1. Based on the Cα atoms of the stretch A:449-491, what semi-axes does the equivalent ellipsoid have, where each is the square root of 5 times one gyration tensor eigenvalue, given in whole Å with the largest first?
2. Tell me the relative contact order for the stretch A:541-667 as a rounded percent, counting alpha carbon contacts under 8 Å between residues six or more apart.
3. What is the diffusion coefficient of the stretch A:203-268 in µm²/s, taking the Kirkwood radius over Cα pairs and the Stokes-Einstein relation at 25 °C with a viscosity of 0.890 mPa s?
4. Of A:Gly389, A:Leu197, A:Pro669, which is farthest along the charge dipole of chain A in the positive direction, counting Lys and Arg as +1 and Asp and Glu as -1 at C-beta?
5. Below 10 angstrom from the Cβ of A:Leu331, what's the summed charge of the other residues (Lys, Arg +1; Asp, Glu -1)?
6. Could you calculate the FRET efficiency of A:Thr423 with A:Ala230 from 1/(1 + (r/R0)^6), where r is the beta carbon distance between them and R0 is 60 Å, rounded to 0.05?
7. Rounded to the nearest 20 debye, what is the charge dipole size of chain A about its Cα centre when +1 sits on each Lys and Arg Cβ and -1 on each Asp and Glu Cβ?
8. How many angstrom lie between the Cα centre of the stretch A:536-596 and the Cα centre of the stretch A:197-227?
Amino acid sequence: MTQPGDFDPTSLTLDDARRLFEQLQEDLRLADLAYHQNDAPEISDAEYDAKKRQYRALADNFAPLAAEATQLNSVGAPAAAGFGKITHAIRMMSLGNAFDDGDVVDFDKGLRKYLGLGATAPLAYTAEPKIDGLSLSLRYENGILKHAATRGDGETGENVTANARTIADIPQEIANAPAVLEVRGEVYMSHSDFEALNQRHAAQGGKTFANPRNAAAGSLRQLDPEITRARPLRFFAYSWGELSEALASTQFAALQRLRDMGFQTNPLTQHCETLPELIAHYRKIEEQRATLGYDIDGVVYKVDSLDLQARLGFRSTTPRWAIAHKFPAELAWTRLEGIDIQVGRTGALSPVARLHPVTVGGVVVSNATLHNEDYIVGLDSKGEEIRGGKDIRIGDWVQVYRAGDVIPKIADVDLSKRPDDSTLYTFPTHCPECDSLAVREEGDAVRRCTGGLICPAQAVEKLKHFVSRKAFDIDGLGAKQIEMFYNDPTLPIKTPADIFTLQTRDGATLARLKNREGWGDTSANNLFAAIDAKRTIPLARLIFGLGIRHVGEVGARDLALHYLDWDVIARAVDAARPAALAHRAADEAEDAERIAAAQAGRRARIKEVRDKAIATYAVDDQARSAWEDLTGIDGIGATLGLSLSDAFANPDERGAIDALRAHLTTLPPEVPTQSSPVAGKTVVFTGTLEKLTRAEAKARAESLGAKVAGSVSKKTDILVAGPGAGSKEQKARDLGIQIVDEDGWLAMIEGA
DNA sequence: GTGCCTCGAGTTCC
DNA sequence: CTCGAGGCAC
């Protein structure tokens, strides 16, 4: 990187100066924005100063630039605190997992089915070791490293550019690069470097790292890049994000391109023509694992053809065209010292194993999830035995592993070592937090506290959800602060609305806050500003933040897109209430009828019973159509509809929601403005498709903004009919809906 | 009615 | 990351 001292603007042509000038201007603008709006500077003080000096020097030396300067009067260097955020141009996905050869075979089968390939048609892969480090995305513009971001939640990561620049494996400049090039790969630390680092730290009486991965993660997240520079980090490139032009036509060739550009790619990367070759390569890498000199946790397989990758596309969080074949997890034996119950946001009672601390895969584990009461007894959800049907008792020796190398779980129990004083665990029938009855619904795996918002555990967890990253994401108000405010007698936050009245609740808020340890004017005002920043909020985030059972991130987005406005949603859900109740009554009547019929040995008269139950509720047309409109949304069914309806009808919850609404302005969702010719159209596929498989046709249509439905109705815009189309085609004809064959459809979406 | 595929919920440790 | 369950296609 250019140092402030050796920067000489007079050596530049005006064009070069302008390019640099514009880049600096943008960097400074973003840094200022990040500092003021997020209280999280994108760059360090030193870097900010250096940029500002260069910027000023350019403006002083080139008159045309001085006229354009917008950043000369902005404030000085931001205080160092945390990292800025970078939103990835293309989401950083995670990978699906295969835990044995069978999973790999299924993966290959699934791909062939999706692509419509026979069992013997060629389908080549690349296979490479999965490095156990942390992923990093590097963005180059015109060959210059612009920024580096961690994976974060896949959508937004942390800006660690200054640190990435200190890593020798990461080129600062690339010759002959595409105008836009995002390189993705793994930052890691070798075994020898890790040991040397720990020895050095130990000698200086400093902290040592538990494993190379933590050392790499800790080193990359240093606020001072000079500390990162002293840490021996390395980087393997394995993928890419946004590109202004394709790198190659295959995965393998694209990696070769990256190597030519100066990146390290893993030497064990191999092109495999067949499934047995993949497995053989996996075995080979597994054998070499101990001698590689760095940690790997499996082998990644990717479809080699980039055209096929594009056809396969993505599921919600993973690409369809890749999978990670994991090595068997490390196991460790320890004693189960006790079982505690945690109460979740929805009231779920979850048992957690308290373990005698034990090292598993380089990390000391002292807790493990036990899922639910059946799991302790040794049964899975289908009532089938797990662990050979062995139950888990307090005092037992249990075998622990970290599922996906993260979540500690119990794999086995050693009955031969069961001590005489081991105790059977009885699952509580009442909530340990509020003593309300905890019930387990028929067919449900979890027992839930019925206390609702009365239960402090549920109330706190709901608040934590409200401020969480995918909901309101209020800086400085995380889980810890929520706990503190919830339990604070002088300045309580009991409901979401309380957050927004915090500052103005009484004249003494600031004084009260400052009485607490660690709070001063600055931190209090930062918190108030962070809260104010979220008084205007995207509708989907508000809906998600309410924490209504079954309404997750996607459901909230679907609701927002359908209704576009909060009041419309509220009116619709209220209007649908009688129909929702009728629906539940019908479900209950149906269950009762089924049991009665089974006992009496006769056939259940389900339709009759349902109709009768619905009739007892005076469901008017308005209620019926509101309910049908709601549950007609793709992905929203009766369960979700009922849950929503119940939340709105519950006086406590409704009160909290209405109180909250008074403080907020909602932003309507951004309706995807795809300009494809089929955007916003509802399409139905029928008959045999010959060029695309059905799954592929659906995914492609959806990516172009079309809605794919299963049956023809008035709302259908286009019917794509292949050979063998039957009643659907007739119905479409009757309704006067546009009908095209597969080629007609492909022509329609061509070029989009 | 059955069998995918996704989404939601809950969880650990740094 | 995993499991359970909801929703939908076959």
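The values are calculated or read from the model by the stated rules, or taken from the named source; none is laboratory data. Predicted model, so just to flag it, every value in this text is computed and none were measured. Because the Cβ atoms are built from the backbone with ideal geometry, glycine has one as well, and the counts that use them run over all protein chains shown. When the accessible area is computed, the model is the full protein with side chains, heavy atoms only, and any ligands, DNA or RNA have been set aside. Shrake-Rupley method; radii C 1.70, N 1.55, O 1.52, S 1.80 Å.
1. Working from the Cα gyration tensor, I get semi-axes of 18, 14, 6 Å.
2. Reported relative contact order: 35 percent.
3. 168 µm²/s
4. A:Gly389
5. Result for the local shell: -1.
6. Here the calculated transfer efficiency is 0.70.
7. Using only the charged Cβ atoms, the result is roughly 740 debye.
8. Using only Cα atoms, the two centres lie 49 Å from each other.
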